[in-house]
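Report on the following structure.
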Amino acid sequence: MTIAPLSVPPTDTEVDHWWAVLASARTADLPQVAPPSRTEVAGALRVPSARGRSVHWATEDAVASPVLFTDGGNDHTAFLDELTVRPDARRRGVGTALWGRAREELLASGRTSVAAEVDLGGPGQAFAESVGFENVLSMAWYVQDVRAAREEPAPPLPSDYELICWPGLVPDAWAPAVAVAHGAMEDAPMGDLDQRIQTWTAERLHAAHRKILDRGGALTTVAAVTPDGEVAAYTELVLPDPAGPRALQYDTVVVPAHRGHGLGRAVKRRMLAEAAVRHPDLRTVATSVADDNTPMLAVNAALGYRLERTVGYFQLKLQP
């Protein structure tokens, strides 16, 4: 078995191989979730993460890709973004060999921990636990039927707020205020995850959003703003492939001083209205929420989200 790094940037043949491995595994392990499109896979492989350095390896039957954070506050840790083996090639040591290669890279880069998002109850959990990972943050993915949700009436918005929508990058004039609002994510449940919340700036916000667009995706932000220019709440909708039927709800934030006014529901409902115009073929919106995030779970339930699958952030403390 040969473990080979991908070219920089990956060739079309390498992208096709990576896509085929992911599609076969997703179809077998999560038949209720459509596999990623080639556009999504190519973008993720060819455009680096905004948070760090990605490394991609492949064998004939498997792929692996850790992200080594370089954001200044998390340079001690990493995220195992992908470690996937074709279903018909499992239990032959392929995944173990790829994990060994990834572990060597992490240790050589001075990493003391690594995390991964793992679907519970499946082969990914069994493998992660077999090499020492532990679940440190229980979460779940929820999905909303966009067509049904569009028929629901929008909740009233308090008179001292206005909803604004920005397709693509947040305008320069508003980016600092959105970055400040993002700081409210600091009270989101983190479990025992060995990662530090970083201070967001306008530059960091634009870098994260530009990555989505450079990868071929589409991004829309909806914010509830006050007359004095404060962003009281916002949400982000991302289509990894604008031609696909599935979107991801990224961050939804309500600043503590503005909670209790229904702003979380308001920005999400406005987002659906915008999606109806900008992405008429969109069918579902998916989002992940920590089990301990009771307020956001309540918002999503009120908007018609249903449980899709349970996951966990698994973590391993690395020892030389």
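Observations on the model:
- If you go through the range 275-308 and pick out every residue that is among the basic types (Lys, Arg) and either farther than 21 Å from residue 117 by Cα or touching a Lys or Arg at 6+ places or on another chain (Cβ under 9 Å) (or both), you end up with 2.
- Residue check, residue 283 modelled with pLDDT under 90 and either assigned by TED's automatic domain parsing to the domain that holds residue 230 or among the β-branched types (Val, Ile, Thr) (or both): no
- Residue within the range 2-23 that is surrounded by 14 or more Cβ atoms within 10 Å (Cβ to Cβ), in contact with a Phe, Trp or Tyr (Cβ under 8 Å, 6 or more places away or on another chain) and at pLDDT below 95 present: no
- Residues of the range 298-320 classified as free of Cβ contacts under 8 Å to residues at least 12 places away in the same chain and touching a Phe, Trp or Tyr at 6+ places or on another chain (Cβ under 9 Å), total: 1
Okay, residues lined up against (1) of a type in the set (Lys, Arg); (2) loosely packed, with under 14 Cβ neighbours inside 10 Å; (3) at pLDDT below 95; (4) at positive phi:
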position	(1), (2), (3), (4)
182	no, no, yes, no
187	no, yes, yes, no
192	no, yes, yes, no
197	no, no, yes, no
202	no, no, no, no
206	no, no, no, no
210	yes, no, no, no
213	no, no, no, no
219	no, no, no, no
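- Hits in the range 213-230 (condition: part of a strand (DSSP E or B) and either among the hydroxyl-bearing types (Ser, Thr, Tyr) or farther than 11 Å from residue 181 by Cα (or both)): 218, 219, 220, 221, 222
- Criterion (buried (at least 18 other Cβ atoms within 10 Å of the Cβ) and closer than 30 Å to residue 318 by Cα) met by exactly one of 177, 128: 128
- Test result for residue 143, in contact with an Asp or Glu (Cβ under 6 Å, 6 or more places away or on another chain) and surrounded by 17 or more Cβ atoms within 10 Å (Cβ to Cβ): yes
- Residue within the range 301-311 that is surrounded by fewer than 18 Cβ atoms within 10 Å (Cβ to Cβ) and under 27 Å from residue 167 (Cβ atoms) present: yes
- Residue within the range 272-283 that is of a type in the set (D, E, K, R) and under 17 Å from the mean Cα position of the chain (by Cα) present: no
- Residue check: residue 51 meets all listed conditions (1) in contact with an Asp or Glu (Cβ under 7 Å, 6 or more places away or on another chain); (2) modelled with pLDDT of 95 or more; (3) farther than 17 Å from residue 108 by Cβ but one, namely (2).
- Flag for residue 262 being surrounded by 15 or more Cβ atoms within 10 Å (Cβ to Cβ), small (Gly, Ala, Ser) and in contact with a Ser or Thr (Cβ under 7 Å, 6 or more places away or on another chain): no
- All of 257, 247, 276 fail the test of being under 22 Å from residue 304 (Cβ atoms), surrounded by fewer than 19 Cβ atoms within 10 Å (Cβ to Cβ) and small (Gly, Ala, Ser), apart from 276.
The values are calculated or read from the model by the stated rules, or taken from the named source; none is laboratory data. Keep in mind that this is a model prediction, so the values were computed, not measured. With ideal geometry, Cβ positions are generated from the backbone for all residues, glycine too; neighbour counts draw on all protein chains shown.
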